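These notes are about the structure you will find just below.
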Amino acid sequence: MKPVAKFIPGRKLLIVDDDRLGLSMIAYGLTHAGYRVSTAESAEDAEAWLAGGDRPDLAILDVRMAGQGGLYLARRLHEIDHIPFIMLSAYSEPPVVGQATLYGALGYAVKPMDIPQLIPAIEAALARAYELQELRDARQQLQNALDAERNVSVATGITMMEYRLKRGAAFALLRETARKQRRKLAELADDIVRARETLSFDAAQQNFRVATSRSEMIDT
């Protein structure tokens, strides 16, 4: 059995609900439970709050609100801000639940809900958000490693052509150069590839200018 996530005081929550009474009650209860709580009464208010640079560990969104609804904000949090969230609603609506899940909701609760009932849902969502972030980080590390390997291979090929070396000798030269410069081989390779791409772009621009000037001369 998977262990239950340990409660960590001080996690930052953003609660978005246009029901002022319900919003204040949830905020009060979660604050006394040990969370740091910020509130917004609309999706637009939440966007303004996010524009200030604040980032919650988890957002709690009401589905139905005046103006832009909770699903609009959910999509924005998922696609732009990459902030985990759960949804709250006074109704259990399968289509809405499905849409919220599609946008990346980590939970869905039906109001009214007591704070002792809400806290496990929050903690489960936080634990899942942490797992997903670990997966994203691992995926990014793998992509970085693949990119670095590719750049080293390309830089080796460039060195082979520039110095007319065999692959083994070209790679050894790159490695020795990186060692002398006290740099990582991947960083040196990245600089070489970027420099070659810049030269290629400049050469292409020059060829284009020459070609267009010749065309203009022929036209005249």
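Which residues, taken from segment 126-158, are among the small types (Gly, Ala, Ser), surrounded by 12 or more Cβ atoms within 10 Å (Cβ to Cβ) and more than 27 Å from Ala105 (Cβ to Cβ)? Across segment 126-158, the qualifying residues are Ala148, Ser153, Ala155, Gly157. Taken over segment 71-97, the criterion of being open to solvent by 40 Å² or more (accessible area, probe 1.4 Å), in a helix (DSSP H, G or I) and over 17 Å from Ser42 (Cβ atoms) is satisfied by His78, Glu79, Ile80, Pro94, Pro95, Val97.
If you go through segment 166-176 one residue at a time, do you hit one that is open to solvent by 60 Å² or more (accessible area, probe 1.4 Å) and assigned to a loop (DSSP other than H, G, I, E, B)? Yes, the conditions are met somewhere in segment 166-176.
Within segment 52-67, none of the residues are assigned to a helix (DSSP H, G or I) and either farther than 24 Å from Leu135 by Cα or in contact (Cβ under 8 Å) with a residue 12 or more places away in the chain (or both).
Set side by side, the residues Glu131, Glu123, Glu149 differ, and just one is closer than 20 Å to Leu14 by Cβ, part of a helix (DSSP H, G or I) and out of contact with any Asp or Glu (no Cβ under 8 Å at 6 or more places or on another chain), which is Glu123. Scanning segment 14-46 for residues being at pLDDT 90 or above and of a type in the set (Asp, Glu) gives a total of 4.
The values are calculated or read from the model by the stated rules, or taken from the named source; none is laboratory data. Being a predicted model, the structure only gives us computed values, none of them experimental. Because the Cβ atoms are built from the backbone with ideal geometry, glycine has one as well, and the counts that use them run over all protein chains shown. Side chains are part of the model used for accessible areas, which takes the heavy atoms of the whole protein and leaves out ligands, DNA and RNA. Shrake-Rupley method; radii C 1.70, N 1.55, O 1.52, S 1.80 Å.
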